[in-house]
Amino acid sequence: MHKLEDGRGAKPLNELSYGSGTIKSVIPTENAREHLVMGELLHRGYDAQVAESTKGYDLLIRRPTDLQLRKVQVNAVRIPPWYVRLECFDGDLADQVTVYVLIGPETALKPIRYFVAKNRDLAAHLHRPSGWDANGFLRIKALKDYEDNWDAILA
């Protein structure tokens, strides 16, 4: 967070241009990643909604003909790797689906990419540096086989 030039307070690092100047936006962007994925799912015929104030998942998803809702986690980055909590790859959370979103750099001209996988399918690809007890990361090469793998949500 940075102070506005006139000293009125903190703001996120999203830039807005107007006239001859540039300011940093004060528009909240916390749920942007969930809304990107939700839009893609709605386009593909799923019912989806953002799960507000939940721990361990970001979206609730189903096919219109299904009664059961599925919990889905969303993890987005501009540039890989994706940082993850190791607990998501053990126990019940190992069966949860995560959508890994690659937004790309701010100057990107390529479309957003989506990688969809069950946590357990990626567990062998986790990198855990020395001294990292609760977290690790996934490189893009671990996710390449899961690009646009939307059927994993209902598997």
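The values are calculated or read from the model by the stated rules, or taken from the named source; none is laboratory data. Note that this is a predicted model, so its numbers are computed, not measured. Positions of Cβ are generated from backbone atoms using ideal geometry, with glycine treated the same way; all protein chains shown enter the neighbour counts.
Annotations for the structure displayed:
- Residue in segment 130-140 that is in contact with a helix residue (DSSP H, G or I) (Cβ under 6 Å, 6 or more places away or on another chain), surrounded by 11 or more Cβ atoms within 10 Å (Cβ to Cβ), in a helix (DSSP H, G or I) and modelled with pLDDT of 95 or more present: no
- Residue match in segment 73-95 (condition: part of a strand (DSSP E or B), touching a Pro at 6+ places or on another chain (Cβ under 7 Å) and more than 25 Å from Glu52 (Cβ to Cβ)): no
- Members of segment 82-140 found to be among the basic types (Lys, Arg) and within 21 Å of Leu69 (Cβ to Cβ), listed by number: Lys118, Arg120
- Residue list for segment 111-129, restricted to those being touching a residue at least 60 places away in the same chain (Cβ under 8 Å) and either outside any loop (DSSP other than H, G, I, E, B) or acidic (Asp, Glu) (or both): Tyr114
- Strands (runs of 3 or more DSSP E) lying entirely in segment 1-65 (those with 1 or more residues that are modelled with pLDDT of 90 or more, over 22 Å from Ile103 (Cα atoms) and not polar (S, T, N, Q)): 47-50, 59-62
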